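Worksheet: one structure, shown below.
The values are calculated or read from the model by the stated rules, or taken from the named source; none is laboratory data. Please read all numbers here as calculations on a predicted model, not as lab measurements. Cβ placement follows ideal geometry from the backbone for every residue including glycine, while neighbour counts extend to all protein chains displayed. Just the protein is used for accessible areas: all its heavy atoms, side chains included, with ligands, DNA and RNA removed. Shrake-Rupley method; radii C 1.70, N 1.55, O 1.52, S 1.80 Å.
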Amino acid sequence: MESRVTVIFTSFNRLDLLKITTDSFNKMNTYPVKEKIIIEDSGIPSVHEEIIRDYPGYKLILNPTNIGLIESIDKVYAEVTTPYVFHSEDDFNYIKPGFIEPSIKIMDNDSKIMQVWLSNR
């Protein structure tokens, strides 16, 4: 089965939080994803160097200057080739497994739904 999901992590010079986010995602995710992309918007060369070193296997988009969150999202979404995007900010913490599968099921069952949000209540 070919994966229908690309995972995107948006970040801005918060490497400590990005590590928590990606580690918890990798630990809790149970769905095979096609690609993981990090877009880093700080424009800070030393931050870019750390991301290059710490995230082999991820596609990296390292903005040379800060362009803002919305433009960064537009830029990274243009790289997506799958029907679904799982979008994560750099300060999320995944605490339960199996979150992508029910999100896909919700969207597959109703073509009017364009977005599913996760919440721990």
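For this structure, a couple of remarks:
- Note on the range 84-100 and the range 51-79: Cα centroid distance 17 Å, given to the nearest whole angstrom.
- Given [x] 15.3; [y] 14.4; [z] 15.0, the label whose value is Kirkwood radius over Cα pairs in Å derived from this model: [z]
- Lysine pairs with alpha-carbon atoms under 23 Å apart, the chain, spacing 8 or more or separate chains: 20
- Solvent-accessible surface (1.4 angstrom probe) belonging to Tyr77, in square angstrom, nearest 10: 90
- Solvent exposure ordering (accessible area, 1.4 Å, most first) of Thr81, Thr22: Thr81, Thr22
- Dipole check for the chain: with +1 at the C-beta of Lys and Arg, -1 at the C-beta of Asp and Glu, and the Cα centre as origin, the magnitude is about 420 Debye.
- Over the residues of the chain, the helix contribution to mean residue ellipticity at 222 nm works out to -10500 deg cm²/dmol, using -39500 (n - 2.57) for each DSSP H run of at least 4.
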